Every structure is written in structure tokens, then in C-alpha cells.
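Only the coordinates and a few stated rules stand behind these numbers; no lab work does. Predicted model, so just to flag it, every value in this text is computed and none were measured. Positions of Cβ are backbone-derived with ideal geometry, glycine not excepted, and every protein chain shown enters the neighbour counts.
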Amino acid sequence: MRSNPLATEVLAGLGRQGEARFSYLGLLSLQAIVLFAWWPKNGLVDVLESQHSPDTLTAVVIAVGVTTAYFALRAGAEELILPGQHGLRDWALATPLALGRILRGYVTGQVIHSVYLAALSSPLVLMAFAVSGGEWAALGWCLAATIVQAFFYRMCGAITHLMVGHHADASRFAVRTILFVVYAPVGFLVPSLSHVAFTARWLGERVNAQPGFAAGPPDLAFLGVYAGLGALGAFVTYRLLARERSGAAGPASGAGAGEARGT
């Protein structure tokens, strides 16, 4: 299968310096602050005698989830673009590529970018894992949930950009509103769809006390719902791109017809 130019752009942009990387370095600083705040303040002997593992890993993974969702929203709304990367609207209006191929490349690039961000956070996560202990499988589930959640928020950002992106202030307000209105209330109203609750289930004491803990209905619901909502967001993005392309083609066709009648 031929490589997709949108995914290729992402791969090329990851190796270049730019605002997107600088912005995530700021978010890495926030993750580091969380690591420091939840780092065990007592000695190792006191930690072992307490028979309770520190919550350092749980706190850091939750911080990674929040910051990655925020970054995904901003990237989807094209507040942050990798060096050499073009926007979705540019691909739809300035190239003859099929919209389906554009969307597939966009989604693939998003997943690649989210995995890359997780890799940037991995030193902090591994430090927290070293002090908290736990199961590698549990950590893997939590990072997978982070990437799936980021896919949903990237699609939310893309829809925001295509609908109100021409109004920069409105777009910025919408992006931050989505994060605060969706992320926090979901944790209280529907705990099974909360990344915080998901992480606490997998990395809490119940999991540490039971090696090989298997995914349950709440965990599968989280992954399934966010993947489904992300797919729905991708469909809406496709329809918005199709509308913009047809709208751009309409006036051009009308102008061409008028010229033909004039001649």
C-alpha cells in the first residue's frame, strides 16, 4: 500500500523543532511537577512497613492523560502544527486526494503523534513505575486508554477548526471549553468513562494485590465508547470536508459556466 502523505508529514515533522514540541515540553514540566508532588516523602523502610504502595504512578499517568487530551485538542484545532505539516482544509481544497484517503492519513498521523507524545513522557512514567511498582500490563492498558482518549479529543479539535476555525478567538475558547466541560464532569457523572477512574482501577492497590488482573466491563466500555466517539468524530470531519470541497467547487464551476456563456 502506498504511503499516505498526511502520515508522512507527521513522521517528518516529529524530527523537527517547532512550536508543537516546545508546547509539549511545557506540559512535560507539569507532569514532572506531579511526579515531584507525589514522590514518597518518607524513607524506603517506612514505605515498605506501611504495606501500601505510593500513588506516584497513578498520579503521573493521570497527568499524562489530561495533558495529552489538551494537546490533542489544540493540535486538532490546528493551534499547533508540526513543522512542514499542512492543515486539513488545505489538503481538502488544494489537492485532488480523495477525502477518504485524507481522513485515513489524518487519523494515522494522530495515532503516531500520540504514541510519540507518550514516548516523550515515558522517562517520567518509568520513574514513577520504579517507585510505585505494579504490573506492566496494567501500565500498558492505561497508556492505551490515553491514546484512545487523545483520538477522540483530536477529532473534537478538528471539528472545532472546520466549524469556527476562521474565528481564532472563538476556536480557542471552544477548545478549552470542551476540555473543562467534558473531561471533569464525565469523571463525576459517568465514572466508567473517566480516564482518572480507569487509571485508578488499573494502578490502584486492588490491581497491585492481584497480578494478572483482567479487563472488566468498565474498562472495555471506556475503550469502546471513546473509540466509537472518535470514529463518529471522524465521520463528522469527513462530512465537513466534503461540504467545504463542494462549496469551493460550486463557485468555480459557476464562474466557468459564465465564461463559457460569455464566449
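Using a 7 Å offset from the Cα along the Cα-to-Cβ direction at both residue 167 and residue 3, what is the distance between the two label points in nm, to one decimal?
With each label placed 7 Å out from Cα toward Cβ, I get 4.0 nm.
Considering every Cα-Cα pair within segment 55-179, what fraction, in whole percent, is farther apart than 18 Å?
Taking all Cα-Cα pairs of segment 55-179, the fraction more than 18 Å apart is 56 percent.
For residue 120 and residue 25, compute 0.36 nm times the residue count separating them, minus their Cα-Cα distance, and round to one decimal in nm.
33.3 nm
Using a 10 Å cut-off around each Cβ, can you sort 86, 113, 161 from fewest to most neighbouring Cβ atoms?
If I rank by nearby Cβ atoms, fewest first, I get 86, 161, 113.
How big is the Rg/Rh ratio for segment 5-251, C-alpha atoms only, Rh by Kirkwood, two decimals?
My calculation puts Rg/Rh at 1.02.
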